[in-house]
Amino acid sequence: MTLRASTGPTASPPPPLPASEGGRSGIGPLSAEMLIVCLDPEDAVETLGSFLRANNIVFDAVPASPDAIVGRITTVMQLLSPQPLALPSELEECSAALCTELQNMHRLKLVLTLGISAHIAVLGACGIPLSRLDFRPGEITHLPDGLLLADGCHFPTRPIPADMLTQRRSALTELSPKIRAALRPVA
């Protein structure tokens with residue numbers, strides 16, 4: 001399935017790119033091969049630091065190493081109401097803005113969603129009904145158009161029980177070699 005309306009470790013992360021259409025902002029170039037979709041890009045860089053370094057994911061348009069994965073981190077959410085959960089209409093707006101971003105990422109091979117809201121927004125952006133693909137943390141799914149979708153858990157900024165945080169980090173650590181193998185298959 002194609003995108004709707006489709007035509008066809010740095011030591012310190014770079015500053016966020018200016019907001020684009022719909023108030024979206026992100027870190028990294030649109031020429032990236034991997035997109036991380038989360039609630040807060042700046043927070044994700046800090047939270048995912050060890051994951052990004054371990055996988056040699058950089059945010060430079062021209063990486064220093066040929067083995068580096070050029071990545072981009074973007075927000076799933078635009079400005080939302082102050083409710084604890086996003087409203088369906090807000091998720092639809094986010095999906096539409098994300099669709100535009102995905103369409104402009106011509107080298108994109110894999111999308112890592114951090115959390116169920118990111119998963120829902122990506123499916124909406126790709127025109128895939130929610131009933132067709134459950135959120136599967138730790139798994140990589142091949143979408144019909146060839147794009148890979150990797151699901152990971154959201155790391156909230158507010159304190160959560162230590163065992164839950166450990167479980168989420170462990171799941172991402174187990175997903176890490178799958179992502180690297182999908183983007184850098186060994187001949």
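The values are calculated or read from the model by the stated rules, or taken from the named source; none is laboratory data. Here the structure is a predicted model, which means the values were calculated and not measured. Note that we place each Cβ from the backbone using ideal geometry, even for glycine, and neighbour counts take in every protein chain shown. Just the protein is used for accessible areas: all its heavy atoms, side chains included, with ligands, DNA and RNA removed. Shrake-Rupley method; radii C 1.70, N 1.55, O 1.52, S 1.80 Å.
Scanning segment 105-119 for residues being in contact with a helix residue (DSSP H, G or I) (Cβ under 9 Å, 6 or more places away or on another chain) and not in a helix (DSSP H, G or I) gives a total of 7.
So that you can scan it fast, the table gives a plain yes or no per residue for (1) more than 23 Å from A97 (Cα to Cα); (2) open to solvent by 20 Å² or more (accessible area, probe 1.4 Å); (3) part of a loop (DSSP other than H, G, I, E, B):
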{"site": "A121", "(1), (2), (3)": "no, no, no"}
{"site": "F135", "(1), (2), (3)": "no, yes, yes"}
{"site": "D151", "(1), (2), (3)": "no, no, no"}
{"site": "D163", "(1), (2), (3)": "yes, yes, no"}
{"site": "Q167", "(1), (2), (3)": "yes, yes, no"}
{"site": "P177", "(1), (2), (3)": "yes, yes, no"}
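In summary, L102 fulfils each of the numbered conditions (1) modelled with pLDDT under 90; (2) surrounded by 14 or more Cβ atoms within 10 Å (Cβ to Cβ); (3) in a helix (DSSP H, G or I) with the single exception of condition (1).
Taken over segment 51-74, the criterion of being of a type outside the set (F, W, Y) and closer than 26 Å to I120 by Cα is satisfied by L52, N55, I57, V58, I69, V70, G71, R72, I73, T74. Output yes when any residue across segment 128-142 is within 18 Å of E33 (Cα to Cα) and in contact with a Cys (Cβ under 8 Å, 6 or more places away or on another chain), and no when none is. Within segment 128-142, none of the residues are within 18 Å of E33 (Cα to Cα) and in contact with a Cys (Cβ under 8 Å, 6 or more places away or on another chain).
Entry remark, segment 96-146: residues being closer than 25 Å to Q167 by Cα and of a type in the set (S, T, N, Q) number 3 in total.
Within segment 61-74, being open to solvent by 10 Å² or more (accessible area, probe 1.4 Å) and under 12 Å from V45 (Cβ atoms) holds for one residue alone: R72.
In segment 30-44, the residue that is modelled with the lowest pLDDT out of those that are aliphatic (A, V, I, L, M) and open to solvent by 20 Å² or more (accessible area, probe 1.4 Å) is L39. Based on what the data block shows, is N56 modelled with pLDDT of 80 or more and on the phi > 0 side of the Ramachandran plot? When the stated conditions are applied, N56 passes them. Within the option set T141, T113, being open to solvent by less than 60 Å² (accessible area, probe 1.4 Å), more than 23 Å from F59 (Cβ to Cβ) and either modelled with pLDDT of 90 or more or in contact with a Phe, Trp or Tyr (Cβ under 9 Å, 6 or more places away or on another chain) (or both) holds for one residue only, T141.
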